[in-house]
Amino acid sequence: MKKRILACLLALVMLVGLLPATVLAEDVAGPKVYVDATKGDDSTGNGTEGSPYKTVGKALENIGDNATVYLADGNYSTYAADKSEQAKYCAGKTVTFVGTGAKSVNWQIGAKVPDPTLAGTEYNGDYSFDGAGTVTFKNMTLRSGKVDYLGFIRPFNKIRQKNADI
């Protein structure tokens, strides 16, 4: 009988011991930002679920570290053809992009149609995350031009895909 009481008490202590760790794990997560290519608005949206931004670029302007960006159905990109105009998002920060599914969310990496006159250069390279920490894409399709795909250039740590089609 004493062993059963001791085992129950030990189980209760272990359960109570895990509760603070679970609460702290939630506090470590960064901000949540919402983007909707169809219903969002960059001029009046504030990145909340009820008032999303229209573009990823707007959502990333002042993004916090460890942020999660939720993407509604649609097509997204941070690429700009002129590299001097291409913003460098998330420098030194970790960010996760979460789509609604590989069939409903598409992320275009680099130019949709590569310019063959610029072959041999980084014309199709996407500098959007130059200097970023870890960038993770979940539940979406990643797309690129078919010629000389160069992908994202110089993220500080790495680009990860989880449940993302390429």
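Here are the numbers for this structure:
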read-out: For Phe152, distant residues with modelled amide H under 5 Å away; value: Asp126
read-out: Amide H contacts of Ala91 (H built 1.01 Å from N, under 5 Å, at least 5 apart or other chain); value: none
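Read-outs throughout are calculated quantities, based only on the coordinates presented, and are distinct from any laboratory measurement. The structure displayed is predicted, hence computed values, not measured ones.
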